[in-house]
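Every number here is computed from the coordinates shown, using simple stated rules; none is lab data. Source: prediction; values computed, not measured. A quick note on method: Cβ atoms are made from the backbone with ideal geometry, for glycine too, and the neighbour counts reach across all protein chains shown.
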Amino acid sequence: MLQPFESKETRDKPYIIFDPQNNRFEIKGNSLPEDSTLFYKPVIEWIIEYAKNPNETTHLICSLEYFNSSSAKMMYELFIELEKIKDTENEVKITWYYDPEDNLIEEKGLEFQSILEIPFNVLEKKS
Amino acid sequence: MDINTTFWFFDRIKEDNLCMLYSGNFSDEITNKLIELSEYNINNIDALSKMKKKASFLMAECFQNIVRHGEKYKEVPSDGFFLTKNWGGVYYITSGNLIEKQKIENLKTQLEKVNSLSKDELKMLYREVLENSEISEKGGAGLGLIEMARKSGQKLDYLFKNKNDNFSYFYNQIMLKSDIDALNQKVSDFPLTDSISYHKKMVDENIMLIHKGDFSQDSIFPVLKIIEENLHKEFKDSTQKKKIFHILVELLQNISRHCYKIGDKKEGIFLIGNSDSNFVINTGNLIKNKNIKSFTKLLDEINSLNRKELKNLYLSKLRDRNLPNNGGAGIGLIDIARRIISPLNYHFHPIDDEKSFFTINVIA
């Protein structure tokens, strides 16, 4: 099985944990690296590997506070790779959390929902 | 503040390695971030890094003066002013705060006394004030002034400027000379009156923060923090705060990605202020003349679209996997345009055959 992927949270990078053994997939925090391609490249490469032989169900939780537009582009790439899990007869879904007062993150979630072909729930965070 | 304000400041501070101006409230959080930003700037310039400790100390001293006086006059909006700049081998620190007119004479006496003393006499006076609690209680500022004169090794440069019937601004400017430059470079001369004219412009046009210098990622964070602190007071609505934050990040990162690089430096200027209940953000940077045409085309295209069309363009760029990321795609600008009141206001100011000054102005 693929080794888990973990990336520590910094002031401009999100916390990422992809752990197939424990079936835990999560991205949270801020994402505004100046070079998002550099940061997301290994993340997406891991997903490409994983999507070849995924768990029966994969549930990615996104609870971002802020991300810049170049991160948005890389997240789209990531979601597209995740979408390919559907072709393997396994299940995949994404839940996108936003703060009740945070219209920007809610709107960004709805935008992703509108352009992806993957079950994509946009939910208010319960405090 | 309108689009011309960017060049007004840029033209006056273009020779500066760095320049930061702040006009507004001085909370501890804001002063800490102003120091952090200044320290970052100092670290980036080799000739200055040696004086970092001294500069930080002097900045803190200036802030204490502003804060101490600010607390006394709660009935007036605390409008303080702070400037740091590096130009021609000299690091300048300027501060301004309101003072009750009846207290000017006493402060003047203190300033004149400090300026009349030699290095050794200052040291003696410092000890005397420290040991005599009565003196230090009466005027904490006295000790600060002595320390400023001692640490900078210069006479205190100061001016009082009328604000209204009851208050005047007290301005104070410190010069720190770097070792290397003092030997072989012409020392720049930046009169205090210039700082004061910048402050006036900031007050008249409601400008909170101006930063000219390096726009690498590390310098963006203290800038964002200063703005966030101010936004915190201005808005209870977190959606508005998030929107301003988002626009700032995109514009600042655009400078970093697209500006004309001088050496390793990603230089630009950034201004933020208020207009009615909105925020006004200006950025400016040098760009190569050969890029003007394509850039104009992109900006005009964005400005010709309505919100719905902008959203569609944004989504199509998001989905277009052939587009280069990190610049070129204009996705950041498109997303900004979706969230601002007026179109993206922009202007190119010719500099020479190779480059122009590009400035953008948004209201959100």
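Side notes on the structure shown:
- With neighbour counts taken as other beta-carbon atoms within 10 Å, the residues B:SER56, B:SER118 rank, fewest first, as B:SER118, B:SER56.
- Considering only alpha-carbon pairs that sit under 8 angstrom and 6 or more positions apart, the relative contact order computed for chain B is 19 percent.
- Pairs exceeding 22 Å between alpha-carbon atoms, taken from B:LYS225/B:LYS261; B:LYS33/B:LYS108; B:LYS53/B:LYS163; A:LYS41/B:LYS297; B:LYS243/B:LYS311: B:LYS225/B:LYS261; B:LYS33/B:LYS108; B:LYS53/B:LYS163; A:LYS41/B:LYS297.
- For chain B, size of Cβ-based charge dipole, Lys and Arg +1, Asp and Glu -1, in debye: 900
- Between B:SER294 and A:ASN23, the distance separating the two model label sites (each 7 Å from Cα on the Cα→Cβ line) works out to 4.9 nm.
- Across the options B:GLY330, B:LEU83, B:ASN303, the greatest Cα extent toward the positive end of the charge dipole of the protein assembly as shown (unit charges at beta carbon of Lys, Arg, Asp, Glu) belongs to B:LEU83.
- Net charge in the neighbourhood of B:ASP320 (other residues with Cβ under 14 Å of its Cβ; Lys, Arg +1, Asp, Glu -1) is +3.
- Residues in the range A:7-23 carry Karplus couplings, in order, of 9, 6, 6, 10, 6, 10, 10, x, 7, 10, 10, 10, 10, x, 4, 9, 6 Hz; the curve used is 6.51 cos²θ - 1.76 cosθ + 1.60 with θ = phi - 60°, and Gly or Pro positions show x.
- Rounded to the nearest 20, the Cβ-based charge dipole of the protein assembly as shown about its Cα centre (Lys and Arg +1, Asp and Glu -1) stands at 840 debye.
- The angle between the Cα long axis of helix B:119-131 and the main principal axis of chain B comes to about 80°, on a 0 to 90 degree scale.
- Net charge of neighbours whose Cβ lies under 13 Å from the Cβ of B:ARG307, counting Lys and Arg as +1 and Asp and Glu as -1: +1
- Rotationally averaged projected area of the range A:14-117 (alpha carbon convex hull; nm²): 6.2
- Annotation: the residues B:MET124, B:MET175, sorted from fewest to most other C-beta atoms within 10 Å of their own C-beta, follow the order B:MET124, B:MET175.
- Mean shadow area of the range B:257-302 over all directions, Cα convex hull, nm²: 4.4
- Choice from A:LYS52, A:LYS28, A:LYS13 with maximal GNM fluctuation in chain A (Cα, 10 Å cutoff): A:LYS52
- Residue among B:PHE26, B:PHE270, B:PHE295 with the largest mean-square fluctuation in a Gaussian network model of chain B, springs linking Cα atoms under 10 Å: B:PHE295
- P(r) histogram, all alpha-carbon pairs of the protein assembly as shown included - 10 Å bins from 0, percent: 4, 18, 25, 22, 16, 10, 5, 1, 0
- Extension reserve of the B:LYS108-B:ASP28 stretch, reckoned as 0.36 nm per residue once the Cα distance is removed: 26.1 nm
- The slack between B:ALA60 and B:ARG150, meaning 0.36 nm per residue of separation minus the straight C-alpha distance, is 30.9 nm.
- When peptides A:69-77, A:42-50 are sorted by average Cβ neighbour count within 10 Å, with the highest value leading, the order is A:69-77, A:42-50.
- Cross-link reach is defined here as a Cα-Cα straight distance under 20 Å, omitting same-chain residues fewer than 8 places apart; for B:LYS177 the aspartates and glutamates meeting it are B:GLU15, B:ASP16, B:GLU39, B:ASP46, B:GLU61, B:GLU147, B:ASP157, B:ASP189, B:ASP194.
- GNM result for chain B, Cα springs below 10 Å: residue of B:ASN312, B:ASN230, B:ASN278 fluctuating most strongly: B:ASN312
- Shielding by other protein chains, A:65-71, mean Cβ within 10 Å: 6
- Partner shielding of A:111-122 amounts to 1, given as the average count of beta-carbon atoms from other chains within 10 Å of each residue beta-carbon.
- Cut-off 12 Å between beta-carbons: net charge of the residues surrounding A:GLN3, Lys and Arg +1, Asp and Glu -1: -3
- Debye log10 I(q)/I(0) for chain B, one point scatterer per Cα, at q = 0.06, 0.07, 0.11 Å⁻¹: -0.25, -0.34, -0.79
- Listed residues A:ILE17, A:ALA72, A:ILE94: farthest to the positive end of the dipole of chain A (Cβ charges): A:ILE17
- Only the Cβ atoms of Lys and Arg (+1) and of Asp and Glu (-1) were treated as charged; on that basis the dipole of the range B:215-364 about its Cα centre amounts to roughly 520 debye.
- Burial ranking of peptide ranges B:189-198, B:242-251 (average Cβ count within 10 Å, highest at the top): B:242-251, B:189-198
- Angle between chain B longest axis and helix B:238-258 axis [Cα atoms, degrees, rounded to 10]: 80
- Estimated vicinal HN-Hα couplings, Hz - the range A:56-62 in sequence order (Karplus 6.51, -1.76, 1.60; Gly, Pro = x): 4, 10, 10, 10, 8, 9, 10
- Rounded tilt (10° steps) of B:52-72 against the dominant C-alpha axis of chain B: 80
- The label point for B:LYS53 and the one for B:LEU323, both projected 7 Å from the Cα toward the Cβ, are 5.0 nm apart.
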